[in-house]
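The values are calculated or read from the model by the stated rules, or taken from the named source; none is laboratory data. From a predicted model like this one, the values you see are computed outputs, not experimental measurements. Cβ placement follows ideal geometry from the backbone for every residue including glycine, while neighbour counts extend to all protein chains displayed.
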Amino acid sequence: MKLTLKVWRQDNVNDPGRFETYEATDVKDEMSFLEMLDAVNENLIESGHEPIVFDSDCREGICGTCGLMINGQAHGPQKGTTTCQLHMRKFHDGETVTIEPFRAAAFPVIKDLMVDRSAFDAIVQSGGFITADTGGARDANEILIPKPAADASMDAAGCIGCGACVAACPNGAGQLFTSAKLAHLGLLPQGQAERWKRTEDMVETMEMFFGSCTNYGECQEACPKEIPIDFIAMMNRDYLKSKLKNRKLSGQKY
Amino acid sequence: MSTITLDSKVPSGPIQDRWDNHKFDMKLVNPANKRKFTVLVVGTGLAGAAAAATLAELGYQVKCFTFHDSPRRAHSIAAQGGINGAKNYKNDGDSIYRLFYDTVKGGDFRARESNVYRLSQVSVNIIDQCVAQGVPFAREYGGLLDNRSFGGAQVSRTFYARGQTGQQLLLGAYQALMQQVALGRVELHTKTELLEVVKKDGVAVGIVTRNVTTGEVQSWSGHATLLATGGYGNAFYLSTNAMNSNVTAAWRAHKQGALFANACYTQIHPTCIPASDDTQSKLTLMSESLRNDGRIWVPKKFDDNRPADEIPEEDRDYYLERKYPSYGNLAPRDIASRAAKVVVDEGRGVGPLKNGVYLDFGESIDRLGKETVFERYGNLFDMYERITDEDPMKVPMRIYPASHYTMGGLWVDYNLMTTVPGLYALGEANFSDHGANRLGASALMQGLADGYFVAPYTVGDYLAGLLGQGTVSTEDPVFKAAEQTVNDASHRWLSIGGTKSPEYYHRELGKLVWDYCGMARDQNGLEKALSEIPALREEFEKNVRVLGNPEGVNQSLEKVGRIADFFDLGELMCRDALMREESCGGHFRVEHQTEDGEALRDDEDFSFVGAWEWNGAGTAQTLHKEPLVFENVKPTQRSYK
Ligand SMILES: Cc1cc2nc3c(=O)[nH]c(=O)nc-3n(C[C@H](O)[C@H](O)[C@H](O)COP(=O)(O)OP(=O)(O)OC[C@H]3O[C@@H](n4cnc5c(N)ncnc54)[C@H](O)[C@@H]3O)c2cc1C
Ligand code: SF4
Ligand code: FES
């Protein structure tokens, strides 16, 4: 099949950017979306034009590196699927496809379709861990974890940090990502000691970078790992409690 | 001629005491002095993130580098199946000794016994460490950890987190690392790619990097440098490795004098989705666990074009069950892969390109019911369907072997130090522990063993000897010269102005390496490759087209340098395979097989590690041999019949 691509090109963060139109010919059903772009890029290079910059690595839907707005949808039309796992059979001959970066105030464009998502790392750095220096751990089976708790924690831990939730959100909020990390650690017995401090620190760091959540629910729709917004409700509850708990833990009376 | 002698520095004494004795014998650095030392850690996969976090916890100043935009994106994230640990939680007779024994045997007696024993010992600590960090391993209803058997092992010692074990282990290590970043003990440099290893007076003193966002070339100096930069499976172009995995860091170290060992030991995984056409960029692994319930077959007749469901039982060849009645569909990876190649080469392959074999769940569905089968493998079936548009519940899956893991890598001694003092290699980047074939679920174990439990001790022993010495200034001529090399290379690539993309040459190179140095190798083919690769390389250097400039983001420029290193490496893989006149593990020389087509080792002449020394571009490397001694596990012919 043949497609017309309208692709966002932007030289750097200060460049206002523009759409450019390219023809993708010989597109086959079996190609992935990124393989289609690879082919377009090879043609661009061989005809002396700079290739389109986009990010990807594992191409298996697990590293979270890829991410494009395809026809206005984060990761494109297929539910529960990252851009790299989307295949061209979901498109039809003659279609025009608009391709943009994951736009958000917290994700400045680096070049073309590549954005800077380091704000996610800043959130994790502020508390997204369980302190357990190497060497001091007790036997793994001394900590009993009921299967349902382990499973729920794993549901949250499946987040790949791609940023689709932010890109899809009209407010550019980082709630789904942050709440997934908090739930992963907060649902485990090992995560209890730091739970309240972690919640307060991560939520407040998130607020420094991201917009606020007004419950649109677009994040959950866009999330390739189908992380549910229930985790956001959990986070909000924990955040309220954390204010009190942290004061109490630090010895303050209230 | 060089004067290198390979000293493995393996401690003496009974094998079970060696690591403990060695730890006791190593010099310590007192806490106040630790912060006087700077350690550079390159790579943030399991090995690098674990090492950087642990060294920082101990009090060293750590600078950590990755070309990814976040440490969490390292290729380790993609590992699915699980991680081994000799916990014997299942009471099924597992032990440190058994894991050691299985690994030495699985590696086809081409690994160093002492390293493997240590790996098995620390495997139990790894599981404890990961659980303490909050890795959500699968649990039983009683709350204890669950295990499964994996990759043909006869005990259940594999810990797993759904089909995302690598992801969860890496997130654990990444989080520990980010905590150290927050505490100011690790300086993290993302989007920063190592392009040169810098030596002064024969000792590693630092690195030169290029920032892949800004293009800035910069020097970093440290008392020790650790490379945890992953494997080189992408030498084949098509592999299950992430798109950006490459050999550049290891290769630039090799050019500075670090020997590169066992380059021809590569692992081809039997269950990947076959390529659909030549625009394909990478191959996808389908978990090995599918072989527990799927039966592998091809039509008996050549060019049988009937759809699978119209081929009656009597016209099907369940070739693994036929050749290996006791292991059947669960034969080890190397054996299952070669058997698939044999039937496809005969012209009995299936699928539109006749480049696969069937993995059929029909019988399991009849026996267990649709629901049970879907419950076990549903997520894999969904992934398969997303890629192929076929539903394995209805039509048999098509699979074919693909490059997956590389056992070879930088030669290291027992302390994980390369032949360049002060330069270490960890994880898949080194050659140690797996011999000629790696067992399933053992790479994650090795990466974390090296990072959490081995390097933090052995690096300290080296640093203790440097007390009172500062780092070399990055203004020193050795750094300036290395920066110049990097800048010159960029300008050279950008000025060629040829006609073909870098990708084109990677694909062509990959085809050569796969055809002549893939699942089966012979003298003719290898010699052919050794003449064709340099010829292709010459064309590449004249005709590649890299646009843009060295400042700012330039993905073609990043790629072209990596491909140049793959050219060198591809040659070395062939040279190593040609030298090794025997078959062992993942290295199958057609000339050396038993009557029924199995790998035939030659312990008399080839029980050694082949470590190659760089002699400059265009000159063949020199071979150095580290003899392998087996005091505990007697080499036998592997048999899975
Ligand atoms: C699909 C798949 C499934 C697998 N499943 C399993 C499994 O179930 N069990 C198992 O045990 N093993 C498995 N493996 C193997 C295992 O995942 C890898 O061997 C292991 O994760 C490698 O870890 P590492 O830390 O050595 O390197 P990697 O995780 O590859 O990390 C390399 C790091 O180095 C950085 N880097 C590289 N070069 C440079 C440079 N020049 N400059 C700066 N940074 C650089 C990268 O950015 C990255 O951070 C699997 C592999 C694949 C491909
Ligand atoms: S919550 Fe979902 S969409 Fe957001 S970063 Fe995680 S995986 Fe991506
Ligand atoms: S490239 Fe890794 S998730 Fe898409």
Somewhere in the range B:94-116, is a residue over 24 Å from the mean Cα position of the chain (by Cα), at the interface with another protein chain (Cβ under 10 Å from one of its Cβ atoms) and over 30 Å from B:Thr209 (Cα atoms)? no
Got at least one residue in the range B:593-608 being within 14 Å of chain A (Cβ to nearest Cβ), of a type outside the set (Val, Ile, Thr) and in contact with an Asp or Glu (Cβ under 8 Å, 6 or more places away or on another chain)? no
Of the listed residues (A:Gly80, A:Gly61), the one being away from ligand 1 (no atom under 16 Å from the Cβ) and in a loop (DSSP other than H, G, I, E, B) is A:Gly80
Considering only the range B:611-641, state which residues are charged (D, E, K, R) and farther than 20 Å from B:Thr419 by Cα. B:Glu631, B:Lys634, B:Arg638, B:Lys641
Considering only the range A:153-215, give the helices (runs of 4 or more DSSP H) lying wholly within it that have at least 1 residues that are away from ligand 1 (no atom under 16 Å from the Cβ) and free of Cβ contacts under 8 Å to residues at least 40 places away in the same chain. A:175-186, A:195-209
Restricting to the range B:434-466, name every residue that is part of a loop (DSSP other than H, G, I, E, B), under 27 Å from B:Ile4 (Cβ atoms) and within 11 Å of ligand 1 (Cβ to nearest atom). B:His434, B:Arg438
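Within the range A:37-49, can one find any residue that is assigned to a loop (DSSP other than H, G, I, E, B) and closer than 30 Å to B:Thr165 by Cβ?
Within the range A:37-49, the first condition is being assigned to a loop (DSSP other than H, G, I, E, B), and the residues that meet it are A:47-49.
Then drop every residue that is not closer than 30 Å to B:Thr165 by Cβ, which leaves none.
No, the range A:37-49 contains no residue that is assigned to a loop (DSSP other than H, G, I, E, B) and closer than 30 Å to B:Thr165 by Cβ.
Specify which of the listed residues (B:Thr248, B:Thr225, B:Thr229) is away from ligand 3 (no atom under 16 Å from the Cβ), surrounded by fewer than 24 Cβ atoms within 10 Å (Cβ to Cβ) and not assigned by TED's automatic domain parsing to the domain that holds B:Ser337. Step through it out loud before you land on a result.
Working: B:Thr225 fails: surrounded by fewer than 24 Cβ atoms within 10 Å (Cβ to Cβ); B:Thr229 fails: surrounded by fewer than 24 Cβ atoms within 10 Å (Cβ to Cβ).
So the residue among B:Thr248, B:Thr225, B:Thr229 that is away from ligand 3 (no atom under 16 Å from the Cβ), surrounded by fewer than 24 Cβ atoms within 10 Å (Cβ to Cβ) and not assigned by TED's automatic domain parsing to the domain that holds B:Ser337 is B:Thr248.
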I'd like the full set of residues that are facing chain B (nearest Cβ under 7 Å) and not in a loop (DSSP other than H, G, I, E, B), limited to the range A:121-150. A:Asp121, A:Val124, A:Gln125, A:Ala140, A:Asn141, A:Lys147, A:Ala150
Candidates B:Leu359, B:Leu353, filtered to the one that is modelled with pLDDT of 90 or more, under 27 Å from B:Ser403 (Cα atoms) and in a strand (DSSP E or B): B:Leu359
Any chance the range B:47-64 includes a residue that's of a type in the set (D, E, K, R) and either in a strand (DSSP E or B) or away from ligand 3 (no atom under 16 Å from the Cβ) (or both)? yes
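If you check A:Glu23, A:Glu30, which single one turns out to be more than 7 Å from chain B (Cβ to nearest Cβ) and either not in a loop (DSSP other than H, G, I, E, B) or not small (Gly, Ala, Ser) (or both)? Give the derivation first.
Values: A:Glu30 fails: more than 7 Å from chain B (Cβ to nearest Cβ).
Exactly one of A:Glu23, A:Glu30 is more than 7 Å from chain B (Cβ to nearest Cβ) and either not in a loop (DSSP other than H, G, I, E, B) or not small (Gly, Ala, Ser) (or both), namely A:Glu23.
Among the residues of the range B:597-604, is any assigned to a helix (DSSP H, G or I) and at pLDDT 95 or above?
Yes - at least one qualifying residue is present in the range B:597-604.
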Could you tell me whether the range A:86-93 includes any residue that is modelled with pLDDT of 95 or more, aliphatic (A, V, I, L, M), closer than 22 Å to B:Thr213 by Cα and in contact with a helix residue (DSSP H, G or I) (Cβ under 9 Å, 6 or more places away or on another chain)? no
Is it true that B:Gly435 is more than 16 Å from ligand 2 (Cβ to nearest atom) and either more than 17 Å from the chain's Cα centre (by Cα) or acidic (Asp, Glu) (or both)? no
